[in-house]
Every structure is written in structure tokens, then in C-alpha cells.
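**Student:** One structure follows; several queries about it will come next.
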Amino acid sequence: MTQDFQQSRTTEVWRRLGGMFGADAVERKFGAKPPAEWYAMLSRLKDFEIDRGLRRLAYSGKSYVPSLPEFTKLCRMVSDDSVDEGPQRFTALPSNEAKFDAADIIGNLRFLHYVTTRLSQESRAWGAAKTEEQAECTRIAVAYKNAWAQDMREDSTIDPNTGEMLLPAGEYQHKTFAQAMERAEEAIVNHRRELAA
């Protein structure tokens, strides 16, 4: 982040604090220009964190200009019911919301572990990040994960007392999931060869 950009960003925060509490109140507390500590601390924050801090401050009901630590806390705090962030827009879930059973949930957890381990070993194993090639390779792997979940569903039994789905034993799950991912990797290699040809 360039020094000019950082200075203009800090000046904008200063202007907005003046808009909320009055420029005189900000100047009395800190001076006409932001102190060096504000420049230094705000340079460590991301734009969305600063926006969050200003929004929380506007809804906080505070009648005084916050100190730097108070403002930084409002910017960085991730979740706290005591902080009012004002009206929030939430997207309603579709009425045909997806239902996940135990096979889907375990498959998704295993897949998450597999992907993070696999791509940390070789980041471009499925193509460069955010490319159509990587998206297609991911779709292939997800299809194999979904097929594994369906196999688990078909191999499951139902507890007669609770009606709960009982999946095969963990060792069997582990072995068959590894086999599914081996087949997925083969399909991905073939797909990438076709693209390169």
C-alpha cells in the first residue's frame, strides 16, 4: 500500500470522524491532523475492517470521539452481540433448501481435508488458481466425492430403534474414500491431457 494512498485513507477516516462527532471535537482530542499512531495502525487494517469500524461507531450511540484502541477494536472484532452494526441485509434461503444426510456431511468433511492437503502439497495440481481448468478439475473431484457418498448411503443400515442412518465403519469409509479420490485424480490427469492436446 503506497504512503499517499495510506495518508488519504487515514485522512478520510479523520473526515468521517469529524462528520460523526464534529470536527472541533476531533481536533480538541487529537489535533487537526491524524497523529502518526493512527496512520501506523490504520495501515495495518483492511478497507472492509475500517468500514466495519466506522459503521459500528455510527450505530454505537457514543457521544465522544473514540481512542485509537477503541476504534481498532470496533474494526477488528469479528462477532459480538453487544455491538450494533445497524440493519443487516440477509438473503432468504430458497424454499427447496438442500438436505444433507450423514453420508453427505462426512463426504464433505473428508473432501475438505483431502483438497486442503492435496493442494497444499501441489498448489497447481488441478490447474492455476481461479481458472476454468481448475474449476472443471474440481467438478470432477466433487462428482467422485458425491458418488462415494451415494455408495455409503447404499451400504448403510437403519437403526430400527431410532431410524438413524448407520454408515459403514470408519476404516471402510477411509479406504473407499481414498480409492474414490485416486480414481478422481486419474480422471483429472486424463482431462488435463485432453486440454493440452
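The values are calculated or read from the model by the stated rules, or taken from the named source; none is laboratory data. Since we're looking at a predicted model, the values are computed, not measured. Here the Cβ is made from the backbone with ideal geometry for all residues, glycine too, and neighbour counts use every protein chain on show.
**Student:** Based on this model, can you work out whether Arg110 counts as basic (Lys, Arg) and not in a loop (DSSP other than H, G, I, E, B)?
**Tutor:** Answer is yes for this residue.
**Student:** Write out, first by first residue and then by second, each pair whose Cβ atoms fall under 9 Å of each other, whose residues are 6+ apart or on separate chains, and whose first residue, in segment 15-32, is touching a residue at least 12 places away in the same chain (Cβ under 8 Å) while the second is exposed (fewer than 15 other Cβ atoms within 10 Å of the Cβ) and in a helix (DSSP H, G or I).
**Tutor:** Leu17/Ala23; Phe21/Lys29
**Student:** Based on what the data block shows, is Glu12 modelled with pLDDT under 85 and farther than 30 Å from Glu154 by Cα?
**Tutor:** no
**Student:** Then there is this: Return the only residue of Ala184, Ala143, Ala135 being modelled with pLDDT of 85 or more, among the aliphatic types (A, V, I, L, M) and buried (at least 16 other Cβ atoms within 10 Å of the Cβ).
**Tutor:** Within the list Ala184, Ala143, Ala135, the selection yields Ala184.
**Student:** While we're looking at this one, here's another question. So which of Leu68, Leu74, Leu93 ends up being more than 21 Å from Leu17 (Cβ to Cβ) and either surrounded by 11 or more Cβ atoms within 10 Å (Cβ to Cβ) or modelled with pLDDT under 55 (or both)?
**Tutor:** Answer to the selection: Leu93.
**Student:** Gln88: surrounded by 14 or more Cβ atoms within 10 Å (Cβ to Cβ), modelled with pLDDT under 90 and within 20 Å of the chain's Cα centre (by Cα), yes or no?
**Tutor:** Considered against the rule, which asks whether it is surrounded by 14 or more Cβ atoms within 10 Å (Cβ to Cβ), modelled with pLDDT under 90 and within 20 Å of the chain's Cα centre (by Cα), Gln88 comes out as no.
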